[in-house]
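First up is the structure itself, then whatever we jot down about it.
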Amino acid sequence: MIRTAEVERPEYRANPANRCYYCKHELYTQLTDVARSRGFGAVADGSNADDRGDYRPGRQAAREFGVVSPLDDADLTKAEIRELARDAGLETWDEPASACLSSRIPYHSEVTEQKLRTIDAAERVLRDLGFRICRVRHHDTIARLELGRDEIARAVDPEVAAVIDARLRELGYAHVVVDLRGYRLGSLNDVLKLRPV
């Protein structure tokens, strides 16, 4: 979902390495007001034990607003949560992770509504073609596709590749490339290890 309030914040649009902080700050500002008006004692998020080792500047905003993380507090990992959801009969137990669309834009490249809409449309193309795990990393005129490793071979099949290429070019990309390393959680964070932010 594209939330205009976040995109209007200059700090968020500038897309610094801690962009997630500004997004979550805006989100928790609004959710705290809603919780208070409805008589809820706290706002809860879905952070879990696996999130502890990842770079997550939004956690600072969560702490500032007193957001609680019951899954993390219970030391539940993503795999354990999926297992519990499956046992409870939830249809979404094996849904792929779904991160914010701005996480597809390299740090220090401006976040705009148009970019977010293009990324969303490009990922819908891939999902409509049956790709389960997919990210379209937006490098201006280049769409870098990160797919589940077991789906890469299908993406480079000449017929499928031609459809992907044509559809993403219609969205404005001049080049469509497949990342041979496949989908990696937080792959745009790799640059944080190479240079100071």
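The values are calculated or read from the model by the stated rules, or taken from the named source; none is laboratory data. Please read these numbers as outputs of a predicted model, since none were measured by experiment. Every residue, glycine as well, gets a Cβ built from its backbone with ideal geometry; the counts of neighbours run over all protein chains shown.
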Restricting the first residue to region 2-15 and requiring it to be assigned by TED's automatic domain parsing to the domain that holds residue 27, which pairs with a second residue that is in a helix (DSSP H, G or I) and modelled with pLDDT under 85 meet a Cβ separation below 9 Å and a spacing of at least six or different chains?
12/6; 13/6; 13/7
Only listed residue being exposed (fewer than 13 other Cβ atoms within 10 Å of the Cβ) and under 14 Å from the mean Cα position of the chain (by Cα), chosen from 87, 75, 33, 54
54
Scope region 26-58; condition over 18 Å from residue 98 (Cβ atoms), part of a helix (DSSP H, G or I) and not hydrophobic (A, V, I, L, M, F, W, C); matching residues
26, 28, 29, 30, 32, 33, 36, 37, 52, 53
Looking at region 90-112, which of its residues are loosely packed, with under 13 Cβ neighbours inside 10 Å and more than 30 Å from residue 139 (Cα to Cα)?
90, 91, 92
Consider residue 135 carefully, then state whether it is part of a helix (DSSP H, G or I), at pLDDT 95 or above and surrounded by 13 or more Cβ atoms within 10 Å (Cβ to Cβ).
no
Being under 20 Å from residue 55 (Cβ atoms), among the polar types (S, T, N, Q) and assigned to a helix (DSSP H, G or I) is the requirement here; does residue 103 meet it?
yes
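Rundown of residues vs (1) touching a residue at least 12 places away in the same chain (Cβ under 8 Å); (2) under 21 Å from residue 98 (Cα atoms), yes/no style:
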| site | (1), (2) |
| --- | --- |
| 143 | yes, yes |
| 149 | yes, yes |
| 153 | no, no |
| 156 | yes, no |
| 159 | no, no |
| 172 | yes, no |
| 175 | yes, no |
| 179 | yes, yes |
Please state which one of 59, 38 is surrounded by fewer than 17 Cβ atoms within 10 Å (Cβ to Cβ) and not acidic (Asp, Glu).
38
